[in-house]
Each structure stands twice: as structure tokens, then as C-alpha cells.
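Scroll down for the structure; my scribbles are underneath it.
The values are calculated or read from the model by the stated rules, or taken from the named source; none is laboratory data. Note that the structure is predicted; figures quoted are calculated from it, not measured. As a convention, Cβ positions derive from the backbone with ideal geometry for all residues, glycine included, and neighbour counts pool all protein chains shown. With ligands, DNA and RNA removed, areas are computed over all heavy atoms of the protein, side chains included. Shrake-Rupley method; radii C 1.70, N 1.55, O 1.52, S 1.80 Å.
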Amino acid sequence: MERTFLMIKPDAVQRNLIGEVVSRIENKGLKLVAAKLFQANEELAKEHYSEHVEKPFFNGLVDFITSGPVFAMVVEGNNVVEVTRTLVGETNPAKAAPGTIRGDYGVDLGRNIIHGSDSNESAKREIGLWFNDAELNDYKLNNEAWVYEK
Ligand code: GTP
Ligand code: MG
């Protein structure tokens, strides 16, 4: 099974949507391995979004991510990066399909509710940035045979 990093952004925390979003992840059949409400500093936000350092929206994005606590999570499941990117929806909430997290809760590109790693490689890097090993819980859920064929 793979792991991914998901982060409920400050807009969704302020709008009291943590429970709604976590419910969708649990209802999907995925397993929470770690979670914390956490105020990121500028250094962490810049490192997290370092691939976008040259983009015109970079400074605004860093300001936004550090503007209040985020709810950071590690989630585990088969093919979890693809499964969660589908659950999250397109980057721009205006275009994201209804039924996706961004499609159902967001309107604006700069306030798009949640981040999800875009590859297994990014997931590893981001999990390492936001969590230490002691915060990651290794455990088995007894519903696995009802979520996965194999
Ligand atoms: P993340 O899961 O947050 O990484 O989003 P993504 O992978 O769907 O999109 P991407 O990595 O390309 O962009 C990272 C974040 O930057 C997005 O989630 C948006 O919040 C923000 N962003 C991307 N493009 C724009 C833009 O053109 N304008 C603004 N204001 N923000 C943008
Ligand atoms: Mg991204």
C-alpha cells in the first residue's frame, strides 16, 4: 500500500470544513496514518511549494498557507495518490466536478480547500517535511478485505 500527504488549507479550516473533508476520506475507505492541526511557518510553506517558486502566485500562496492552521494528514491505501487526487478534484474549484472536494466546497483558485500530493515521489518528500516518523501510525484496519479485492 502507498501513502500520500493531504493538507486541509487555512480557508477550509476557517470555514469549519475539517470534519466534512475527513469524512470523505474515511468514507472512501482510506486509512488515516497521521493527522494534526498545525501552523506552518514561511520556511516550511516555501519548501512544500518549492516547485512553484518562479510562479507569479508563489508569494500569495505562501502567505495564504501560513495565514492560519492547516490540518495535515497522511493517508494510506492502494493507489492512494490517484484515488485522492480524484477525490480532491481539479486545481481550479470553478472547474472541479461536483462530487469532488474542491468542486463541492470551493469557488476560487486561490482558496481551493485542500492539497494532495501529485505522485508517490512528492508524497514521500511531503510526508517527510510535515511529519516525523514517530507521528506515523502503523496499524491494520479490519475492513481491508471489504475495501480491496486483493
Ligand atoms: P496542490 O494540491 O495545492 O499542490 O494543488 P494542485 O496540485 O492541484 O495544483 P498546483 O500544484 O499546480 O498548484 C499549487 C497551488 O497553487 C494550487 O492548489 C492553488 O492553490 C495555487 N495556484 C495554482 N495556480 C494558481 C494561479 O494561477 N493563481 C493562484 N492565485 N493560485 C494558483
Ligand atoms: Mg500540486
### Message
Looking at the stretch 1-40 only, could you name the residues that are small (Gly, Ala, Ser), loosely packed, with under 15 Cβ neighbours inside 10 Å and touching a Gly at 6+ places or on another chain (Cβ under 9 Å)?
### Response
none
### Query
For the stretch 31-65, what are the residues that are in a loop (DSSP other than H, G, I, E, B) and within 16 Å of ligand 1 (Cβ to nearest atom)?
40, 49, 53, 54, 55, 56, 57
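Yes or no, residue by residue, for (1) within 14 Å of ligand 2 (Cβ to nearest atom); (2) in contact (Cβ under 8 Å) with a residue 40 or more places away in the chain; (3) closer than 21 Å to residue 18 by Cβ; (4) part of a loop (DSSP other than H, G, I, E, B):
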position: 81; (1), (2), (3), (4): yes, yes, no, no
position: 86; (1), (2), (3), (4): no, no, yes, no
position: 95; (1), (2), (3), (4): no, no, no, yes
position: 102; (1), (2), (3), (4): yes, no, yes, no
position: 107; (1), (2), (3), (4): no, no, yes, yes
position: 115; (1), (2), (3), (4): yes, yes, yes, no
position: 125; (1), (2), (3), (4): yes, no, no, no
position: 129; (1), (2), (3), (4): yes, yes, yes, no
position: 137; (1), (2), (3), (4): no, yes, yes, yes
### Query
How many residues, within the stretch 100-132, are of a type in the set (A, V, I, L, M, F, W, C) and either modelled with pLDDT under 95 or open to solvent by 30 Å² or more (accessible area, probe 1.4 Å) (or both)?
3
